[in-house]
2 protein chains.
Amino acid sequence: MTNTTFKSPSGASNVTSVLIDAIRKTVGNKGCLLEPDDMAVYLTDRRSALVRSAPLVVRPATTQEVSEVLRLCHEANVGVVPQGGNTGLVEGSVPDISGGQIVLSLSRMRSVRELDVSNATLTVEAGAVLADVQRAADDAGMLFPLSLAAEGSCQIGGNLSTNAGGTAVIRYGNARDLVLGIEAVLSDGRIWNGLRALRKDNTGYDLKHLFIGSEGTLGVITAVVLKLFPKPQEQLSALVAVASARDASNFLSRCQRACGENISSFEYIHRNCLELVFEKIPGSRDPLDEVYGHYVLLELGSSTPGTDLRAVLETLLEEAFAAEEVENATIAATIEQSNALWKLREDIPEATRITGTRIGHDVAVPVALIADFLERGSAIVERMHPSARLIPFGHMGDGNIHFNMVAVDDAHGASFLEPESEIRRAIYDLVHEMGGSFSAEHGIGGLKKSDLVAYRSPVELDLMRTLKHALDPKNILNPGKVL
Amino acid sequence: MTNTTFKSPSGASNVTSVLIDAIRKTVGNKGCLLEPDDMAVYLTDRRSALVRSAPLVVRPATTQEVSEVLRLCHEANVGVVPQGGNTGLVEGSVPDISGGQIVLSLSRMRSVRELDVSNATLTVEAGAVLADVQRAADDAGMLFPLSLAAEGSCQIGGNLSTNAGGTAVIRYGNARDLVLGIEAVLSDGRIWNGLRALRKDNTGYDLKHLFIGSEGTLGVITAVVLKLFPKPQEQLSALVAVASARDASNFLSRCQRACGENISSFEYIHRNCLELVFEKIPGSRDPLDEVYGHYVLLELGSSTPGTDLRAVLETLLEEAFAAEEVENATIAATIEQSNALWKLREDIPEATRITGTRIGHDVAVPVALIADFLERGSAIVERMHPSARLIPFGHMGDGNIHFNMVAVDDAHGASFLEPESEIRRAIYDLVHEMGGSFSAEHGIGGLKKSDLVAYRSPVELDLMRTLKHALDPKNILNPGKVL
């Protein structure tokens, strides 16, 4: 048998025809993509549109196949990039520029392994699309609460690898909080079966939390046991107009005191966001008659039938009006009205994308400091980039703001992005000073590695490197990501 | 300077007079206990009453002192046993039999570093007693929900090191779910400051979850940022009598469907538990007129003022009576009545202890399998140990049962305990077969190490050993515990 070495753009890689044959033998032809056209979608980063190359894209159908592929790559010293729906925003799921890394897509592993309604758990494979997971729970009369913009194409394994956030974190927590157990394949191909469906288990170190959020650099998550929740019986959305981010923050405190356990979303929206949506998204319109500076999209939910959320909310709003904290509000009277309010919120990223001039920051600060951050951050941008139009919005209830901006007019084009790195540094410096995070829900990937080094202590970085080295000594799992 | 080696019971240890002097210089005389009488309480295991020896007990007053002590011990290759309130149940916080390990007590580090009501966070040092933490939250009009029998003396650092459970897990989660950030000292004395008060932070590996639940074997937790919650505005307790554990389990499902988010406790109590309390605890009496086989102590809570929990519960009970799932119930009409119901539950461990013949198991299975487990476990005990009286109770809502037993009559004495290890193995085998955990909330410590080896896969054990070796290569942190 002739063994030829695959020519990567940067020179020879460790991928040989013998390795490719062995992988093909393991996963079958269906599981092995070698043609550029077939591979393109797996090699293109969604956010930046950059396109990478790879000798092959492997799509195993079982955990056993993942195990065998990793064993082979480990033996051959070949880097493997685990990939879910490839919807991440930090270049974490595409190969590096070497062209020598193999993409391991979980997309064929999407079975529901077990649905246990009385234990309120759902065991699914990593490649299951989030919307399908939500649907499986819903069909069983339960709720899987993880909810985010990419839910129609992102995969649950990717959600866990990146510890996804989204709009329901205030009530249900981040992705890691929604998991009881995982199955993962280690760098050398060994399978760790930690698929325990237990609410309590103190038998040694909690290994699942090590793999969750590690962005595929410590192991490949192949299946998960998810927690399900009672479906909300009552739900109510309202768009609340306020004069300032500080009023929004005070209104959040009021809501938390009055009905903390019923808040399922508390989203902040700057007026500029709505205006951008009205401009860019056909058919969108202002739900309120007058113009206000800032908004809160609030959702209350209760799984106890008969809870009068409307009465709760009306009392809340009356008190907030009396305190001059709130300027106007509209409570959705129908599900259609509620959907229309949420569509406005969900259209913001798309409207931003259309401008082609987005500078974005996914930051978090302690919840109490959100208004401070918005004031100080806005001042920085006004000073450093006068042609920027701020588009800040996000999960105020979690202290997490997507502090974004676009060009005042589209004519600016690419030149608008020139000061991006300086602005980024100034905003991250501010966030850091406030005890915050420069990546609240998006992760590190390939994009934010230098920020991790800049804002995390040498001890913390050393701990992370120690873990990486201990679990993946040959550095074959998503090499060059995170660390 | 003369350097003498400390004589441990098992021979020479690495503790020298030079090391002791250096430690004394670091922590002062007040922080250094050397007299057997002073050390006794730190060297005695609460559960078993076994007494260990140590060259000294160190009580640092600051993180910096902990760091310096660990640096010295690391250099000298001396084992260090981190200790909180020393209330654990698995011999995890006392030294091993060598007599050469130093106890590091966190009990002098009990300051509140920061209370931030609008961020709903409390930053405290590891030695703060849980009841004091609860009180600090309460004084600020908030709730810190971790609640367990030892709360008057256990410390928050120990609670996190062991990922404590307790009675409010069904609503608020285990100890690890109540934490946003930690500060820990590593085996070589370096300090990791991870005291971030953020609800979202995806910047690299989640290191806090590695230290939480690792029982002091990977690092010493010195301070924590805790999540606070809105204080319940309405609360209601009821004792519900049922004919079988299965009925209790069905009643749990009914409650979860009807008012899942309002259940703050769902405790199962076998009739034998109440009888034992009536026998052993003066002044206790049956709240119901008739005798029933099994009970549920249910607590509902709501932080939304005006929620009519009584109406919710009455509807629930009516439906359960109609379905013949419930035989009788008493709803506490006053806070005194509620306290009396809870006292019965809380007296069970003490009544059991008084018998001097306890065989206990802290096990968990998937919630849906609790009734199965109780049936099959009881059959095993009836067969293997006819003179045992089953005393099963616990956190049914979490799938966690304290599957305990005492001698039918106290005359049995020590001989009753003879088949303990065989029964333990049979019960753990059953739990394992049912996908459960042999240590739901108590941990591994020194007591359950062989069980960890028996019931966890070689891959899982190897992962744990890899982590231990990576973070504590000289094996000086709580040596001989967990692994």
query = Other chains near A:253-260: what is the mean number of their Cβ atoms within 10 Å of each residue's Cβ?
reply = 5
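For segment A:258-313, which GluC sites (Glu not before Pro) are both in a DSSP coil and crowded by at most 14 other Cβ atoms within 10 Å?
On the way: sites: A:E261, A:E267, A:E275, A:E279, A:E290, A:E299; in loops: A:E290.
Passing both the DSSP loop test and the Cβ count: A:E290.
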inquiry  = Let's see if you can work this out: charge +1 on each Lys and Arg Cβ, -1 on each Asp and Glu Cβ, no other charges. What is the dipole magnitude of segment B:96-250 about its Cα centre, in debye to the nearest 20?
reply    = 200 debye
note = One point scatterer per Cα, no solvent, Debye formula: log10 I(q)/I(0) for segment A:22-108 at q = 0.21 Å⁻¹ comes out as -0.96
note = Averaged over residues of B:301-310, the number of beta carbons from other chains lying within 10 Å of each residue's Cβ is 5
7 Å along Cα→Cβ, label-point gaps from A:R285 to other copies, nm, shortest first = 7.1
query = Hey, how many Å between the Cα centroid of segment B:298-327 and the Cα centroid of segment A:306-371?
reply = 33 Å
Positive dipole terminus of chain A, leading residue within A:S244, A:F438, A:A40 (C-beta point charges) = A:A40
inquiry  = Please compute one quarter of the surface area of the Cα convex hull for segment A:273-328 and express it in square nanometres.
reply    = 5.5 nm²
request  = Mind counting lysine pairs for me in chain B? Cα separation below 17 Å, and the two need to be 8 or more apart along the chain or on different chains.
outcome  = 9
Accessible area in square angstrom per residue, chain B, 1.4 angstrom probe = 36 Å²
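Quick check for me: using +1 on Lys/Arg Cβ and -1 on Asp/Glu Cβ, what's the dipole size of segment B:335-409 about its Cα centre, in debye to the nearest 20? Don't skip to the end; give the middle numbers.
Working: 7 positive and 10 negative charges, 38 e Å.
The calculated dipole for segment B:335-409 is roughly 180 debye.
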query = In segment A:257-363, which trypsin sites (Lys or Arg not before Pro) fall in coil by DSSP and have 12 or fewer other Cβ atoms within 10 Å?
reply = A:R285
note = At 4 °C in a medium of viscosity 1.567 mPa s, chain A has a Stokes-Einstein diffusion coefficient, with Rh taken as the Kirkwood radius over alpha carbon pairs, in µm² per second, of 55 µm²/s
ask   = What are the distances, in nm and sorted shortest first, from the label point of A:E418 to the label points of the same position in each other copy, with each label point placed 7 Å from Cα along the Cα-to-Cβ direction?
value = 9.1
remark   = iface A-B | buried accessible area, total | probe 1.4 Å | Å², round 100 | 6200 Å²
remark   = Largest-first semi-axes in Å of the equivalent ellipsoid built from the Cα gyration tensor of the protein assembly as shown are 44, 36, 29
Positive dipole terminus of segment A:127-231, leading residue within A:P230, A:P145, A:S214 (C-beta point charges) = A:P230
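On the protein heavy atoms, probe 1.4 angstrom, tell me the percent of accessible surface of the protein assembly as shown carried by carbon and sulfur.
On the way: 17240 of 34930 Å².
Accessible surface attributable to carbon and sulfur in the protein assembly as shown totals 49 percent.
If the viscosity is 1.002 mPa s and the temperature 20 °C, what Stokes-Einstein diffusion coefficient in µm²/s follows for segment B:250-303 when Rh is the Kirkwood radius over Cα pairs? All intermediate terms of the calculation are to be shown ahead of the outcome.
Numbers: Rh = 12.8 Å.
D, rounded to a whole number, is 167 µm²/s.
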task = For segment B:348-466, report the convex hull volume of the alpha-carbon atoms normalised per residue, in Å³, without decimals.
result = 107 Å³
ask   = For B:N475 and B:A149, what is the calculated FRET efficiency with R₀ set at 45 Å and r taken between the beta-carbons, to the nearest 0.05?
value = 0.90
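Just by accessible area at a 1.4 angstrom probe, what is the order of A:W342, B:W192 from largest to smallest?
On the way: A:W342 30, B:W192 10 Å².
Correct descending sequence by accessible area is A:W342, B:W192.
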task = Could you work out, residue by residue across A:459-467, how many beta carbons of other chains sit within 10 Å of that residue's beta carbon, and then give the average as an integer?
result = 6
query = So how exposed is B:K30, as accessible area in Å² (1.4 Å probe, rounded to 10)?
reply = 150 Å²
task = Ignoring everything but the protein chains, give the 1.4 Å probe accessible area of A:D138 in square angstrom, nearest 10.
result = 80 Å²
query = Over the Cα atoms of segment A:118-234, how large are the radius of gyration and the largest Cα-Cα distance (Dmax), in Å?
reply = 13.6, 48
key: Reduced Cα scattering model of segment A:204-352, Debye log10 I(q)/I(0), q = 0.08, 0.10, 0.14 Å⁻¹   = -0.31, -0.46, -0.78
request  = Could you pull the accessible area for A:C32 with a 1.4 Å probe, rounded to 10 Å²?
outcome  = 10 Å²
query = With the Cα gyration tensor of segment A:153-208 giving a ≥ b ≥ c as the square roots of its eigenvalues, does the rule (a/c under 1.5 for rounded; else a/b larger than b/c for prolate; else oblate) give rounded, prolate or oblate?
reply = oblate
task = Return one number: the angle in degrees, 0 to 90 and rounded to the nearest 10, between the long axis of the Cα atoms of helix A:271-280 and the longest principal axis of the Cα atoms of chain A.
result = 70 degrees
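Count neighbours as other Cβ atoms within 10 Å of each site's Cβ, and list the GluC sites (Glu not before Pro) in segment B:19-120 that are DSSP loop with at most 10 such neighbours. Working shown, then result.
Numbers: sites: B:E65, B:E68, B:E75, B:E91, B:E114; in loops: B:E91.
Filter output for segment B:19-120: empty list.
The values are calculated or read from the model by the stated rules, or taken from the named source; none is laboratory data. What you see is a predicted model, and the numbers here were worked out from it, not measured in a lab. Virtual Cβ from ideal backbone geometry, glycine too; neighbours counted across all protein chains shown. What goes into the accessible areas is simple: the full protein's heavy atoms, side chains included, and nothing from ligands, DNA or RNA. Shrake-Rupley method; radii C 1.70, N 1.55, O 1.52, S 1.80 Å.
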